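> The following block contains the structure, expressed as structure tokens.
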Amino acid sequence: MGKKLYVGNLGYDVSDADLSQLFGQHGTVGSATVIMDKATGRSKGFGFVEMSSDQEAQAAIAALNGRDYSGRALTVNEAKPRPEGGRGRGGFGGGGGGGGGRRY
């Protein structure tokens, strides 16, 4: 089974094919996906790459983490699984409000 990598700080013009080509220099790429904003169709500046082995994944991390690509220093590390329930941050809204004012 392959190892999924998180790739952050991507330039907004980087494509899936660009990611695949970049990581392909360090092993076999199973998939490469730049995450796009559904509303705007624009890159969110991060993506995921699946390498075919742990060794290739580690080689890619060692070679590419912190490397300048399209004018930005890449962040490359092992992808962490999403928390249960999807997006995390459960609950209702954030903080409370503070009523203030007088009670009578």
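> May I ask you to list the residues in the range 1-15 that are free of Cβ contacts under 8 Å to residues at least 60 places away in the same chain and crowded, with 17+ Cβ neighbours inside 10 Å?
Listed by number, the residues that qualify are GLY2, VAL14.
> Could I ask something else about it? All but one of (1) under 14 Å from the mean Cα position of the chain (by Cα); (2) loosely packed, with under 14 Cβ neighbours inside 10 Å hold for VAL76, so report the exception by its number.
With (1) under 14 Å from the mean Cα position of the chain (by Cα); (2) loosely packed, with under 14 Cβ neighbours inside 10 Å applied to VAL76, the lone miss is (2).
> I would also like to ask the following. Would you point out the residue of the range 26-53, among those that are touching a helix residue (DSSP H, G or I) at 6+ places or on another chain (Cβ under 8 Å), assigned to a loop (DSSP other than H, G, I, E, B) and of a type outside the set (Gly, Ala, Ser), that is farthest from GLY66 (Cα to Cα)?
THR28
> So, in the range 36-56, exactly how many residues are more than 15 Å from the chain's Cα centre (by Cα) and either farther than 20 Å from PRO81 by Cα or surrounded by 15 or more Cβ atoms within 10 Å (Cβ to Cβ) (or both)?
5
Coordinate-derived values only; no laboratory data. Only a predicted model underlies this, so the values are computations on that prediction, with no experimental measurement involved. Glycine also receives a Cβ, built like all others from the backbone with ideal geometry; neighbour counts cover every protein chain displayed.
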